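The structure appears below as structure tokens.
The values are calculated or read from the model by the stated rules, or taken from the named source; none is laboratory data. On a predicted model such as this, the values are computed, not experimentally measured, just so you know. Just the protein is used for accessible areas: all its heavy atoms, side chains included, with ligands, DNA and RNA removed. Shrake-Rupley method; radii C 1.70, N 1.55, O 1.52, S 1.80 Å.
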Amino acid sequence: MTLIRADHGAPRRGATRRRRRRLDWARFDRWLDRVVVVAVTIAVLVGIVALVLTLLF
């Protein structure tokens, strides 16, 4: 009969286990920040162009 050891701190031996892909919130947050910066920049540019066109014509 084989004894099952509960070595929680010992490194595993044998086949390597693959980690499941988790959602990396830091990467998602940086991507979302860039999207917001681009959206705000476009909105400001459109507002400036609309203001200039209103004042000129």
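Does Arg13 count as open to solvent by 100 Å² or more (accessible area, probe 1.4 Å), at pLDDT below 75 and within 34 Å of the chain's Cα centre (by Cα)?
yes
Got at least one residue in the range 19-36 being at pLDDT 95 or above and acidic (Asp, Glu)?
yes
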